[in-house]
Amino acid sequence: MQATRIASNVARRSFATAAAAPKRSGRDVVLVEAVRTPFLTSGSEFAELMPHDLQRMAFKGLLGRTGINPATIDYVIAGTVIQEVKTSNVAREAAIGAGIPLSVPANTVTMACISSNLAMTNAVNLIATGNADIVVAGGTESMSDVPIRFSRNIRKRLIASRKVKSTAGYLGLLSGLKLADLAPELPAVAEFSTNEVMGHSADRLATAFGVTRRESDEYALRSHTFADKAAKAGLLKDVLSVIVPKKAVTVSADNGVRVSTPEKLAALKPAFIKPNGTVTAANASFLTDGASAALLMSADKAKALGLKPLAYLREHVYVSQDPKDQLLLGPAYATPKVLAKAGLSLKDIDVIEFHEAFAGQILANIKALDSDYFCKTEMGLQGKYGALDMNKFNLWGGSLSLGHPFGATGVRLAVTAAHRLAHENGRYALVAACAAGGLGHAMVLERFEKF
């Protein structure tokens, strides 16, 4: 992949000449506002907080920024991946903590890295079908304190111990235990069905599409450089300033952005496939703590409340592929489907926001869409779908630089796309992401102008 630059003069398209999307069934759904806590590297300022603490801060920040009356909210949905067992319905606990009335139902969803995408689209479906008018959707993840389990043999004996009433009974529980049973079971970013760590999958994907180590490093540097510029320019308007409980420390910016040099990136050793792998600590997304929240409602309700939304949430799709060979190709599969559903093509899209799990994964998806062979043999298309315009692609950084709290990233993608549409005077945005299990998601947003 050749190095890309932002064009000095961004092409402006008149809404009058842009493609007209087909009429959709159901009510129009709008994204009124979305916010997030700063995304922080695991083990830093958010290290002592639980996932519901982070989600509560995002919910409270959303309520404060929009001024919405919590009593008007019909439903709350939040995504998360590595669930804290004490708050299995983290959406409910965070909603209560944020001051949302006890009468408002809340549920938690999980779909790996697209969990808050799922929270948003579930909200869209509730609103479009008339089952709700106002929904808060978000997501949260804490990688600083993930649940660590005892082995199954230990767990079975601990459960049985509740019925034991004698010393002999307790001694009986110990019989048959091995030293290996005392080892804790750590959560792993690996596929259950294949037992393959995602970094290995990313390396194999890069090899399959001819993505080099140099290309991966160049893309990672691009992501961090763009994120740094966007933050300094005040473009990341979704980031809240939050006070960390018990520490009385205010955090107002992401802390994972690192603008390095090609030489320093090239000096890093491969993290998974050694010695010739392409994935390193610098061109992969890092373990992150954070939460996000979005206010969605019907367009009619927003108009009645005198609110000006950021964007319409138009079409969305979910896809699924082989988790062994095509684990991270969700964006490539989802993009043609969602644009066809919206009656649009790549040339109609002004803003593109893809989740960056790994630099190699992003580049593989880009190459897949522009490959005759892949699009014909794997996706069933007539030929290659087309090249993505990198002058429209992730121009404010991405998950590689801003961070990736698994359950929260989807909302960040959507609100970034919405803010970029306004900033760049565009009409349509494409959001896409991959997820564990060979899953993928894509959504089309349309810039809001007026009712």
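Read-outs: derived from the displayed coordinates by stated rules, not from any lab. Since the model is a prediction, treat every value here as computed from it, not as a measurement. Neighbour counts run over all protein chains shown; Cβ positions are idealised from the backbone, glycine included.
Relative contact order of the range 393-451: 26 percent, from C-alpha pairs under 8 Å at least 6 residues apart in sequence. Given R0 = 51 Å, the distance between the Cβ atoms of Ile148 and Lys303 translates into a calculated FRET efficiency of 0.55. Between Arg162 and Val249, take the C-beta separation as r, use R0 = 56 Å, and let me know the FRET efficiency to the nearest 0.05. So, using R0 = 56 Å, E works out to roughly 0.85. On full extension, the segment bounded by Glu263 and Asp370 gains 35.6 nm, given 0.36 nm per residue less the C-alpha separation. Between Gly138 and Ile77, Ala78, Gly79, Ala294, the built amide H atoms are under 5 Å apart, and every one of these is 5 or more places off in sequence or on another chain.
Projecting the Cα atoms of Val197, Ser161, Ile243 onto the dipole axis of the range 136-257, where Lys and Arg carry +1 and Asp and Glu carry -1 at the beta carbon, places Ser161 farthest toward the positive end. Pair-distance distribution of the chain: all C-alpha pairs, bin width 20 Å, starting at 0; shares per bin in whole percent are 25, 56, 17, 2, 0. Amide H contacts of Glu315: Val444, each under 5 Å away and 5 or more positions distant or on a separate chain (H built 1.01 Å from N in the peptide plane; Pro and chain starts excluded). Any lysines with Cα under 25 Å of the Lys301 Cα? List them, leaving off those in the same chain fewer than 8 positions away. Within the straight-line cut-off, Lys301 pairs with Lys23, Lys60, Lys237, Lys450. The range 234-385 has equivalent-ellipsoid semi-axes of 32, 30, 13 Å, by the square roots of 5 times the alpha carbon gyration tensor eigenvalues, sorted largest first.
In the range 158-211, the ratio of gyration radius to Kirkwood radius, Rg to Rh, stands at 1.38 when only Cα atoms are counted. Here the label points at Asn69 and Lys178, each 7 Å from Cα along the C-beta direction, are separated by 6.4 nm in the simple model. Our note on the geometry: Cα centres of the range 363-403 and the range 307-339, 12 Å apart. Site pair Asn125 and Lys86 shows an inter-label distance of 3.3 nm when each label is modelled 7 Å from Cα along Cα→Cβ. Its residue count N fixes a reference of 2.2 N^0.38 Å for the range 151-291, and the Cα radius of gyration divided by that reference is 1.63.
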